[in-house]
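For reference, the structure is listed below as C-alpha cells.
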C-alpha cells in the first residue's frame, strides 16, 4: 500500500464516528470532528440549500432536511465563526457541569457566552448554583444543531442534565419539508444527545407558540408539537417532555403578551420565569436540589 494511501486511510480512521445513523448520510467531506479541514470549510461555505440531503445526487428530499446534519449560514463565515466561539467556550469548561442548554435564540437568551455571558435573572433565581453551559445559537434549525453536536460542539462536557428546545426555525420550511419531518428533526437531536450523554437526564421542551391563531407559523408549531407527542420520546426513562403551550396561551388561543417580546416570538423576562418554574421540578432529580 502506498504511503499516500496509508496516510489517507489513517486520516479517515482518526475521525470520530457519527453519533448515530442518520436517515441520509451527510454529504460533508468531514462529517464529524473539530477543527475543520480545509475541504469541510469550503463545503460549508456553500449556501445551505446547496448542501441539503439529496443535492449531491440531484434528488429533492425535503422530508429529510430537518434530521440530517447541516451547518448553518448567515452569509460568509459568520455562523461557523459563532460555532467556533462556542467550541472554545466548551473547551474551557470541559468536564462536569450541571445543565447543558441546547437550542436556538430562545435558548441563547437565557444568557450566553455569545452575548454578555451572564445568565438572566429567571435562570439564576431558579437554578442559582447550577453550573450551566448555554449552546444556543439564534436562527438554528434542528439540522444545524445536529451539525454542531457532531463538530466539536459538546466534546469533553459531562452534563448531569440537558434541556433541548429546537424547531421554531424549522417552521419557515414546513411548506416544503412537511410537519412530521420537523418533529423527526427534534427526535434526531434527542437521539444524538442521548448517545453522547447516556447518563444525563434530558428535558425536551416542545416548541413554544408564537404569533397568532390562523397564522401558518403558529398552526404549524401546534401540529409539530402534536407530531412530537406521537413519537413518545418520554418512553425513555431518561427523557422528560415539557409542553409549555398552555402556560403561554390564553383560553382563546392567543399568546399571553406579557410573556413575549414585541416580535411575539421571543420571551420577556416574565416568560423566562414561567419557563424556569416549569423546568425546575424536571431538573431537580438530576441536580439533587
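Bear in mind these aren't lab numbers, they're just calculated from the coordinates by the rules spelled out. Everything numeric here is computed off the predicted structure, so don't read it as measured data. Positions of Cβ are generated from backbone atoms using ideal geometry, with glycine treated the same way; all protein chains shown enter the neighbour counts.
Remarks
- Computed extension length for residue 215-residue 61: 52.9 nm, one decimal, from 0.36 nm per residue of separation with the Cα-Cα distance subtracted.
- Cα-only Debye scattering, the chain: base-10 log of I(q)/I(0) at q = 0.07, 0.09, 0.13, 0.17 Å⁻¹: -0.25, -0.42, -0.89, -1.53
- Stretched out straight at 0.36 nm per residue, the stretch from residue 21 to residue 38 would grow longer than its current Cα-Cα span by 3.7 nm.
- Mean ellipticity per residue at 222 nm, deg cm²/dmol - from DSSP H runs of n ≥ 4 across the chain, formula -39500 (n - 2.57): -11500 deg cm²/dmol
- For the peptides 65-71, 232-238, residues were scored by their other Cβ atoms within 10 Å and the scores averaged per peptide; the highest-first order is 65-71, 232-238.
- Rg/Rg_ref, the range 53-192, where Rg_ref = 2.2 N^0.38 Å and atoms are Cα: 1.07
- Relative to the dominant Cα principal axis of the chain, helix 269-287 is inclined by about 70°.
- Alpha carbon centroid spacing (whole Å) that separates the range 59-109 from the range 143-219: 11 Å
- The fewest-to-most ranking of 172, 260 by surrounding Cβ atoms within 10 Å reads 172, 260.
- Cβ-based exposure ranking for 229, 40, 219, in which fewest neighbours within 10 Å come first: 229, 219, 40
- Share, in percent, of DSSP beta bridges within the chain that are antiparallel, nearest 5: 10 percent
- Altogether, the Stokes-Einstein calculation at 25 °C and 0.890 mPa s, with the Kirkwood radius of the range 145-289 over Cα pairs as Rh, returns a diffusion coefficient of 153 µm²/s.
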